[in-house]
Amino acid sequence: MLADEVTFEGPVATASGVAECVAGLVEMGKMISGDQVEVRLADDGNVLTWSTVRAGGGPGRPTVTWLRVDGERITAIRTVFDARGTGGH
């Protein structure tokens with residue numbers, strides 16, 4: 001699913017290449033205790049997901065993840081979240 005040149009940029013980490021991105025996503029997955037998808041929008045080369053992400057027992061954080069897709073491969077992943085942790089909408 002990931003292109004060889006895939007990149008990830010988020011508020012606490014960056015990565016490039018398949019191995020780095022997968023390793024980072026695995027580590028991030030270990031910290032997440034829940035991810036409630038609110039809406040997902042897509043066009044020919046973009047996927048945008050708005051969700052509420054929970055880490056451990058903490059409050060949910062509104063989070064947006066954007067994927068850039070070229071052909072059938074993800075070339076870029078960008079994530080931002082509300083650091084205030086207000087939870088919800």
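No value in this document is a laboratory result; all are computed from the given coordinates. Quick caveat: nothing in here was measured; it's all calculated off a predicted structure. Positions of Cβ are generated from backbone atoms using ideal geometry, with glycine treated the same way; all protein chains shown enter the neighbour counts.
Using the Kirkwood formula over every pair of different C-alpha atoms, what hydrodynamic radius in Å results for the chain?
13.5 Å is the Kirkwood radius here.
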Calculate for the chain the 222 nm mean residue ellipticity that helices alone would give, adding -39,500 (n - 2.57) per DSSP H run of length 4 or more and normalising by residue count, nearest 500 deg cm²/dmol.
-> -5000 deg cm²/dmol
May I ask you to sort 1, 28 by Cβ crowding, counting other Cβ atoms within 10 Å and putting the fewest first?
-> 1, 28
Can you give the extra length, in nm with one decimal, that the chain gains between residue 20 and residue 78 once fully stretched, where that is 0.36 nm per residue apart less the Cα-Cα distance?
-> 19.4 nm
Helix 18-31 axis, angle to the chain major axis (alpha carbon atoms, nearest 10°) = 10
